[in-house]
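Data first, discussion second: the structure below is written as structure tokens.
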Amino acid sequence: MSLQKAKQEATAAQLTAVSVPDGAGWLTSLREDALKRVHTMGLPSRRDEYWKYTRPDTLAAADVTPAALFENDETPMFDEIDRLKVVFVDGVFDADASDDLAGENLTIERLVDVAKADIHWAKDLYGALELAGQTPVERPLAAYNTAMATDGVVIRVTGAVSRPVNLIHKHLDTTSDAILHHVVKVEEGASFTLLENGPAAARFNSVLEVDIADKAAFNHVRTQGRDHERRVATHLFTRLGEESAFKSFTLTANGVLTRNECVIELTGDNAIAHVAGACVGEGDFHHDDTVFITHDAVDCESRQVFKKVLRNGATGVFQGKILVKPDAQKTDGYQISQSLLLDEDSQFLAKPELEIYADDVACSHGSTTGAIDEEGLFYLRARGVPKDIATDLMTLAFLAEAVEEIEDEALADEILARLESWLERRRG
Amino acid sequence: MLEIKGLEVKLEDEDKQILKGVDLKVEAGKVHAIMGPNGSGKSTLSYVLSGRDGYEVTGGSATLEGEDLLELEAEERAAAGLFLAFQYPVEIPGVGNMTFLRTAVNAQRKARGEEELSAADFLKVIREKAKSLKIDADMLKRPVNVGFSGGEKKRNEILQMAMLEPKMCILDETDSGLDVDAMKLVSEGVNALRDEGRGFLVITHYQRLLDHIKPDVVHIMANGRIVKTGGPELALEVEKNGYADILAEIA
Ligand SMILES: Nc1ncnc2c1ncn2[C@@H]1O[C@H](COP(=O)(O)OP(=O)(O)OP(=O)(O)O)[C@@H](O)[C@H]1O
Ligand SMILES: [Mg+2]
């Protein structure tokens, strides 16, 4: 039996009793289509090339592996920033904890509410970028999300939005299984910042579709919570119009399993897309950044910067691809993925890929893995800086190169401070 | 201050003896100079004293004010008052010079049970000292030694020394790579630190530096040993005749 056939059968067996959430107007047919696609693709298997370095089992299984809650008394993320809070608890919208869903140059609605409307802009977008992102590489967990998501928000941005929207993902139930699907449409000339934070659930499947029109800008800064046992699969799909800009940064500290996929399509000339991430983890921490950027327009720039600090047996994965279509001349593509291994038990697996069909392009990629520079460490120690602090200083410097990708200084500083405190807490 | 007795050192990974019984005593308030041919072991001595990995001490001892240096971690030696101005200062990308120095100053203070310096006080002191070494604000902000010219790196070493106020300063070829004016600045920086309670060990190949930093004692090191000790005139002799005569004399 072929791998594909076996996958389909296993998927059919697992999903026999599964049907899409009902009572959801126009969403229902989109969901059903997506579920059919899942059956055709099959849920991801360990033998899939795209899942070579990360085991999808627990992300795709019928049952959730419980995850303990992380108790702390730290100030919440983004607390100092004036923002519109949208709170989900274990994947369910919490109206009481959220702000009014209203802002200048912005409409923001719950997915379940808009599904009942006969006419709605989100109708044409829900699942559309996800579907487009299934070629050339299949992403069944994202299709599953489109089929099964029970909550989420749809955001339409019509001008410059100065107050960011903050999706806050709380995790209070040790066995929660959350599936959220958000759609963002940034209209011509508009600009918007989306913040996300929190572990969300014991298991979290998230899809974010972002449609960026000509001359529009979308900024995204995300932190994924510190509950160590949580498992997360996220997909960010975006399509960029002419002269538009997309920037996304993710901080991950802890998490037994994280797979962050980012699928970017540059469809308008002179657009730029930057995606970056910093992660720190130890022990059974497993973190996978999978990025797929398609250049399908002239004079676009894409940039990927990923840094990982791994210790006590942690694993980091990076799969990053730049695909340059034949007409995408003057493409400027850059990709760097680096890991700092703080001991010999940790590992970093990287698969950088370039596939280029245009002739006038500048693409570069690099991947490095290494330990702390001994010369530098001695220099710091010779000046009286204790070894652990010296190691942290150099580790933070390493991570800072990814954090610097965040344009907003206050946000970048907050991310750096979180990383610093993560390192500090692990000092003897 | 610094007392080295019969110090023997080999490389950890290789069967190579580099120091073959070094005897040296630097008293508080004095400046000792070490000269000697390339590869004679001068830098090795400075590294072993400051606690760098990769060496094995096979004999002898080294103490700072009676305290066994060789037992201590590198950072503990620094806190005890030992300072090495590196022959080749190390670049540390991403770590700001200022952050680095403040961390170092406060780590040493903490280790000695002293109160940490406030950010404002630190800034005041460093600005003043940087100015006298002609180190501008930009250099203080930049990552440690990254993109610094050879001479800038050496001035940065002296700035660190001035900030840390160590008891025992070892300067390994701090003059190399310095232009005439920078040499004067650096020497002034060193001379400003000279006092009753502080010892200096200045490793150099050239009399030039010793014109500015006048040594009390000059040692000649060759093949892992101090082979001759004398007054300032010994440096002049080396300047004039090289090492041939001295080495022949002891052979
Ligand atoms: N890590 C090492 N591996 C191999 N050889 C080494 C190492 N460190 C020092 N040596 C050798 O030990 C000897 C002494 O070196 P050292 O750097 O101490 O000399 P030096 O007196 O400082 O010379 P210079 O005047 O050129 O700076 C040299 O022969 C050098 O090659
Ligand atoms: Mg030397």
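Nothing in this text is a laboratory measurement; each read-out follows from the coordinates by a stated rule. Because the structure is a prediction, the values reported are computed rather than measured. Glycine gets a Cβ as well: all are built from the backbone with ideal geometry, and neighbour counts include every protein chain shown.
Details
- The mean of 1/r over all pairs of different alpha-carbon atoms in the range B:1-149, once inverted, gives a Kirkwood hydrodynamic radius of 17.5 Å.
- Cα centroid separation, the range A:319-374 to the range B:206-240 (Å): 54
- Mean Cβ neighbour count within 10 Å, used as a protection proxy, ranking A:109-116, B:179-186, A:232-239 highest first: A:232-239, A:109-116, B:179-186
- Cross-link pairs beyond the 28 Å C-alpha cut-off, checked among A:Lys308/B:Lys129; A:Lys36/A:Lys185; A:Lys85/A:Lys321; A:Lys247/A:Lys321; A:Lys308/A:Lys387; B:Lys25/B:Lys240: A:Lys308/B:Lys129; A:Lys85/A:Lys321
- Top positive-direction residue, dipole computed over the range A:277-318 with Cβ charges, set A:Gly281, A:Val305, A:Ile293: A:Gly281
- Distance from the alpha carbon centroid of the range A:213-260 to that of the range A:281-313 works out to 11 angstrom.
- Mean separation of Cα contacts under 8 Å (6+ apart) over length of the range B:11-133, as relative contact order %: 18
- Relative contact order (%) - criterion: Cα under 8 Å, at least six apart; region: chain A: 10
- Pairs of alpha carbons in the range A:1-81 whose separation is greater than 18 Å (percent): 60
- Length, then width, then depth: along the principal axes, the Cα atoms of the range A:344-428 run 53, 33, 24 Å.
- The range B:13-95 - Rg over Rh from alpha carbon coordinates, Kirkwood radius: 0.95
- Scaling the Cα radius of gyration of the range A:1-139 by the globular reference 2.2 N^0.38 Å produces a ratio of 1.33.
- Residue order, fewest to most beta carbons within 10 Å, for A:Lys5, A:Lys307: A:Lys5, A:Lys307
- All Cα pairs of the range B:130-214, percent lying beyond 21 Å: 24
- Mean-position separation - Cα centroids, the range B:77-140 and the range A:1-76, in angstrom: 54
- The ellipsoid that matches the Cα gyration tensor of the range A:111-197 has semi-axes, each √(5λ) in whole angstrom, of 22, 19, 14, with the longest given first.
- Expressed in Å, the radius of gyration and Dmax of the Cα atoms of chain A are 20.9, 71.
- The ranking of B:His212, A:His228 by Cβ neighbour count inside 10 Å, starting from the fewest, reads B:His212, A:His228.
- The calculated FRET efficiency for B:Asp179 paired with A:Thr28, based on their beta-carbon distance and R0 = 56 Å, is about 0.10.
- Averaged over the residues of peptide A:392-403, the number of Cβ atoms from other protein chains lying within 10 Å of each residue's Cβ is 3.
- Compared with the dominant principal axis of the Cα atoms in chain B, helix B:180-193 is inclined by about 80°.
- Each residue, A:Glu404 and B:Ala120, gets one label point 7 Å from its Cα in the Cβ direction; the gap between the two is 3.1 nm.
- Counting only Cα atoms, the range A:233-336 measures 46, 18, 15 Å along its principal axes, largest extent leading.
- Helix-only [θ]222 nm of chain B, DSSP H runs n ≥ 4, -39500 (n - 2.57) each, per residue, nearest 500: -12000 deg cm²/dmol
- Counting only alpha carbon atoms, the long axis of helix A:3-15 and the longest principal axis of chain A meet at about 70°.
- An ellipsoid equivalent to chain B, defined through the eigenvalues of its Cα gyration tensor, has semi-axes of 30, 21, 17 Å when rounded to whole angstrom and sorted largest first.
- Of the residues A:Phe237, A:Gly23, A:Tyr53, the one whose Cα sits farthest toward the positive end of the charge dipole of the protein assembly as shown, with +1 on the Cβ of Lys and Arg and -1 on the Cβ of Asp and Glu, is A:Tyr53.
- In range of the label at B:Glu165: residues from the range B:56-98 whose backbone nitrogen is under 12 Å from the point 7 Å along Cα→Cβ: none
- Cα long-axis angle, helix A:387-403 against chain A (0 to 90 degrees, to the nearest 10): 40
- A simple spin-label model places pseudo-atoms 7 Å from Cα toward Cβ; at A:Ala102 and B:Ala111 they are separated by 6.1 nm.
- Amide H contacts of A:Arg259: A:Val232, A:Ala233, A:Thr234, A:Asp288, each under 5 Å away and 5 or more positions distant or on a separate chain (H built 1.01 Å from N in the peptide plane; Pro and chain starts excluded).
- The range A:154-249: C-alpha gyration tensor shape, a/c 1.5 cut-off, then a/b vs b/c: prolate
- Here's the list of lysines a cross-link from B:Lys20 could span, going by alpha-carbon distance under 21 Å and ignoring same-chain residues fewer than 8 apart: B:Lys5, B:Lys10, B:Lys42, B:Lys228.
- Summed over all non-identical Cα pairs, the Kirkwood treatment of the range A:294-414 gives a radius of 16.3 Å.
- The range B:95-180 - Debye-derived log10 I(q)/I(0), Cα point model, q = 0.12, 0.21, 0.24, 0.25 Å⁻¹: -0.36, -1.06, -1.31, -1.39
- Overall dimensions of the range B:77-121 by Cα: Rg and Dmax, Å: 12.0, 32
- Sparsely packed GluC sites (Glu not before Pro) within the range A:162-243, loop by DSSP, other Cβ within 10 Å at most 16: A:Glu188
- Exercise: per-residue mean of other protein chain Cβ atoms within 10 Å, B:101-113: 3
- Proximal aspartates and glutamates relative to B:Lys131, as straight alpha-carbon distance under 16 Å, when same-chain residues fewer than 8 apart are discounted: B:Asp121, B:Glu152, B:Glu157, B:Asp181, B:Glu188
- Over the range A:76-213, relative contact order from alpha-carbon pairs under 8 Å, at least 6 apart, %: 31
- Restricting the range A:242-298 to chymotrypsin sites (Phe, Trp or Tyr not before Pro) in coil, as DSSP defines it, with at most 14 other Cβ within 10 Å: none
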